[in-house]
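The structure appears right after this line, and notes come after that.
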Amino acid sequence: MLGARVAVSGVGGRAPLRGLPLHLLAVLLAAGCGGSPAPSAQPAPAEATPSVAATPAATPGGTSEMTGIDLLFLSMMTGHTEQTLQIVRLTRDRLADSELRTLVAAVEATETDELATARSWLAQVGRSARADDHAGHGTGPAQLARLRDAPDAEVDKVLIEVLSAHQQAAADLARAHQAAGTDARVLDLARRVEQSRTAQVALMAGRPAAS
């Protein structure tokens, strides 16, 4: 699995990111780009990763109870992440650029884990993600159709266009939540989402197919 738990420094700086090979950065992005590891809903086989239930409810300065805005963010991110996985699975076997395939595999590994975490936290308070929470914030049917129907020679280019916009929307949502949320766990997730998606957008902008 490419979701290696490795810390990355200097996420905010675009130059260090562009200076490293994409196949290495893809693995690093799966760690949340410098953040603490995303809590997993399933125990890791090789290392002691705290489960959601074992994760402290809050850190100093945080609060132990999720508010409505925290739950709304988790619900919206659940819908957004489900779409990310749909985008990835529509194209992962058709991409020509091997480094882009590596990045897409890392995105899939990371966001599968994040999706399980968000669903678990929502379930703990008796709430499930609602489709209307995500309405208007994701990738529309026309963009998904572009991915499905893209000729093989254009798949890389179309994926970069669609996924870049999609991940930028996730970064924007996560950034906004950091100013409004209250629960320490959700705020940490939002921070890691903003960092990783921002880094992914920068990396895709540097691919040949994006020019």
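Would you confirm, using the coordinates I've provided, whether residue 164 is open to solvent by 10 Å² or more (accessible area, probe 1.4 Å), part of a helix (DSSP H, G or I), of a type outside the set (Lys, Arg) and at pLDDT 95 or above? Yes, satisfied. Taken as a whole, the condition of being closer than 18 Å to residue 207 by Cα and outside any strand (DSSP E or B) applies to residue 107. Exactly one residue out of 186, 158 is touching a helix residue (DSSP H, G or I) at 6+ places or on another chain (Cβ under 7 Å), modelled with pLDDT of 95 or more, among the β-branched types (Val, Ile, Thr) and surrounded by 23 or more Cβ atoms within 10 Å (Cβ to Cβ), and it is 186. In region 96-109, the qualifying residues are those that are open to solvent by 10 Å² or more (accessible area, probe 1.4 Å) and of a type outside the set (Gly, Ala, Ser), and the one that is farthest from residue 195 (Cα to Cα) is 97.
Of all the numbered requirements in (1) open to solvent by 50 Å² or more (accessible area, probe 1.4 Å); (2) of a type outside the set (Gly, Ala, Ser); (3) in a helix (DSSP H, G or I), residue 76 misses one, and that requirement is (1). Evaluate the following for residue 116: is it open to solvent by less than 40 Å² (accessible area, probe 1.4 Å) and over 25 Å from residue 141 (Cβ atoms)? Considered against the rule, which asks whether it is open to solvent by less than 40 Å² (accessible area, probe 1.4 Å) and over 25 Å from residue 141 (Cβ atoms), residue 116 comes out as yes.
Condition check for residue 192 on (1) in contact with a Gly (Cβ under 6 Å, 6 or more places away or on another chain); (2) modelled with pLDDT under 90: one failure, at (2).
The values are calculated or read from the model by the stated rules, or taken from the named source; none is laboratory data. Just so it is clear, the model here is predicted, and its values are computed rather than measured. Cβ coordinates were reconstructed from backbone atoms using ideal geometry, including for glycine residues, and neighbour counts include every protein chain displayed. The protein model used for the area step is the full one, side chains on, heavy atoms only, and it has no ligands, DNA or RNA in it. Shrake-Rupley method; radii C 1.70, N 1.55, O 1.52, S 1.80 Å.
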